[in-house]
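Structure record follows, encoded as structure tokens.
The values are calculated or read from the model by the stated rules, or taken from the named source; none is laboratory data. None of these values were measured; they are calculated from a predicted model. Neighbour counts are summed over all protein chains in view; Cβ atoms, including those assigned to glycine, are modelled from backbone coordinates with ideal geometry. Heavy atoms of the whole protein, side chains included, go into the accessibility calculation; ligands, DNA and RNA do not. Shrake-Rupley method; radii C 1.70, N 1.55, O 1.52, S 1.80 Å.
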Amino acid sequence: MAMASLLSWYHRVARDLPWRRTRDPYAIWVSETMLQQTRVDTVTPYYERFLRELPTLQSLAEAPEERVLGLWSGLGYYRRARMLHAAARRVVREHGGRLPEEVQQLRGLEGVGAYTAGAVSSIAFGRREALVDGNVVRVLARLFALDDEVESSAGKARVWRLAERLVKDAPGEPGDWNQALMELGATVCTPRDPRCSGCPVSAPCLARARGIAGELPRTSARRAPVTVRRIALVLMSASRVVLARRRPGALFGGLWEPPGADGGARELTRLARRLELDPRSLEPVGEVRHVLTHRRLHVAVARGSLGRRRRWEVPSAEYDAIEAVALGDLAELAQARLSRKLLALAGVL
Ligand code: SF4
């Protein structure tokens, strides 16, 4: 394959991204973790702030979880932050504070899968290790006109074998080669309308030659997200708003949000009573829609006035704390993006 042309194309057009300006393994690991399931332009400000606040692996290992979640607040997929934090502690404990170079050792860390291990090993340490993400799957499926369903275990194994073979023989730095494949998928060989006429590997591409680029990669039909109806209650005064903390282990575990529940009007009444409020005093303010990987949340928001109370004993399956938080402290608190949307609709933000 015309490998050199892909690499020289990459060196010409590569986007100038902050994590491409460093060889610090810790910084590269943080960026690769943030970039899982999240777009580059969303990640950039979070990455910069995270590295400013926690510039070394040691500083991450020593930080309290609340602080790590606070820096991740709004980026989504919070399990990544918890795993990164746990893995940093393990690196300090078991590897003398130095991130291991080898894929097998990297994979022993919390949250480090095959992709992240390959990325850190090749990009930060220059090892000839492959990586496969959605972009690489698409590019390789097209270049080699793979007929396999790429989500099947046989299809995945085939793509990995191809990626491993290619990186072994690739010219230049293996990390650059891996990034070139991903960059091609992100900017040229896109899911819809691949720009084959401007592609540096159009000559050897079998899908282009056969006119089937748009049909690849082959996938099984995706599961449609389920719609879940919820209610949320925003109780506020001129200086405070009531927030509840999700129990660890649950969706959004450890993050704060206006208290809520799955369901409709009946659950709102129940929640109001638990907070010792008259349900008739609540004012509906509209609905927030929020899409997660497998769920589409429709959250009906109601607003109410906060009295003098600052803390509630509210044992529930979802929350382990409910407090009236000073508005000035909101920015520091770990919240999911959904929580900010709810507060904005109620007029708090
Ligand atoms: Fe993708 Fe087209 Fe390039 Fe083939 S020629 S790798 S289908 S952009």
Report, by residue number, each residue of the range 60-72 that is open to solvent by 30 Å² or more (accessible area, probe 1.4 Å) and in a helix (DSSP H, G or I). GLU62, GLU65, GLU66, ARG67
Filter pass, ALA170 being within 11 Å of the ligand (Cβ to nearest atom) and modelled with pLDDT under 95: no
Does LEU146 meet the test of being within 16 Å of the ligand (Cβ to nearest atom) and either open to solvent by 30 Å² or more (accessible area, probe 1.4 Å) or in a helix (DSSP H, G or I) (or both)? no
Just name the residue that is least open to solvent (accessible area, probe 1.4 Å) out of those in the range 307-330 that are part of a loop (DSSP other than H, G, I, E, B) and farther than 21 Å from ARG247 by Cβ. GLY307
GLU164 being away from the ligand (no atom under 13 Å from the Cβ), of a type in the set (Asp, Glu), out of contact with any Leu (no Cβ under 8 Å at 6 or more places or on another chain) and not in a loop (DSSP other than H, G, I, E, B): yes
Pairs under 7 Å by beta carbon, first residue over 18 Å from GLN36 (Cβ atoms) in the range 100-114, partner among the hydroxyl-bearing types (Ser, Thr, Tyr) and surrounded by 20 or more Cβ atoms within 10 Å (Cβ to Cβ), six or more apart or different chains? GLU101/SER121; GLU102/SER121
Matching residues, the range 158-175, being open to solvent by 40 Å² or more (accessible area, probe 1.4 Å) and closer than 18 Å to VAL13 by Cβ: PRO171, GLY172, GLU173
In the range 198-224, which residues are within 8 Å of the ligand (Cβ to nearest atom) and hydroxyl-bearing (Ser, Thr, Tyr)? SER202
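Each row is one residue, and each column tells you yes or no for (1) without any contact (Cβ under 8 Å) to a residue 40 or more places away in the chain; (2) in the same structural domain as ARG308 (by TED's automatic domain parsing).
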residue: SER197; (1), (2): yes, no
residue: PRO204; (1), (2): no, no
residue: ARG210; (1), (2): no, no
residue: GLU215; (1), (2): yes, no
residue: ARG218; (1), (2): no, no
residue: ILE231; (1), (2): no, yes
residue: PRO248; (1), (2): no, yes
residue: PHE252; (1), (2): no, yes
Sort out which residues of the range 43-73 are more than 27 Å from GLY126 (Cα to Cα) and touching a residue at least 24 places away in the same chain (Cβ under 8 Å), and write them in order of number. GLU65, GLU66, LEU69, GLY70, LEU71, TRP72, SER73
Scan the range 121-130 and tell me whether some residue there is among the hydroxyl-bearing types (Ser, Thr, Tyr) and either at pLDDT 95 or above or not assigned by TED's automatic domain parsing to the domain that holds LEU181 (or both). yes
When you look at SER152, is it more than 14 Å from the ligand (Cβ to nearest atom), open to solvent by 30 Å² or more (accessible area, probe 1.4 Å) and of a type in the set (Gly, Ala, Ser), yes or no? yes
Hey, among GLY347, GLY304, which residue is in contact (Cβ under 8 Å) with a residue 24 or more places away in the chain, in a loop (DSSP other than H, G, I, E, B) and of a type outside the set (A, V, I, L, M)? GLY347
So in the range 1-36, with the set limited to residues that are assigned to a loop (DSSP other than H, G, I, E, B) and free of Cβ contacts under 8 Å to residues at least 60 places away in the same chain, which one is most open to solvent (accessible area, probe 1.4 Å)? ASP16
Return a yes/no flag: does the range 37-45 have any residue that is at positive phi and open to solvent by 60 Å² or more (accessible area, probe 1.4 Å). yes
Is it the case that the range 299-320 has a residue that's touching a His at 6+ places or on another chain (Cβ under 8 Å) and under 30 Å from PRO225 (Cα atoms)? yes
Being near the ligand (Cβ under 8 Å from one of its atoms) and more than 22 Å from the chain's Cα centre (by Cα) is the filter here, so list the residues in the range 175-197 that pass it. VAL188, CYS189, PRO194, ARG195, CYS196
Residues of the range 104-139 being within 16 Å of the ligand (Cβ to nearest atom) and part of a loop (DSSP other than H, G, I, E, B), in sequence order, are VAL132, ASP133
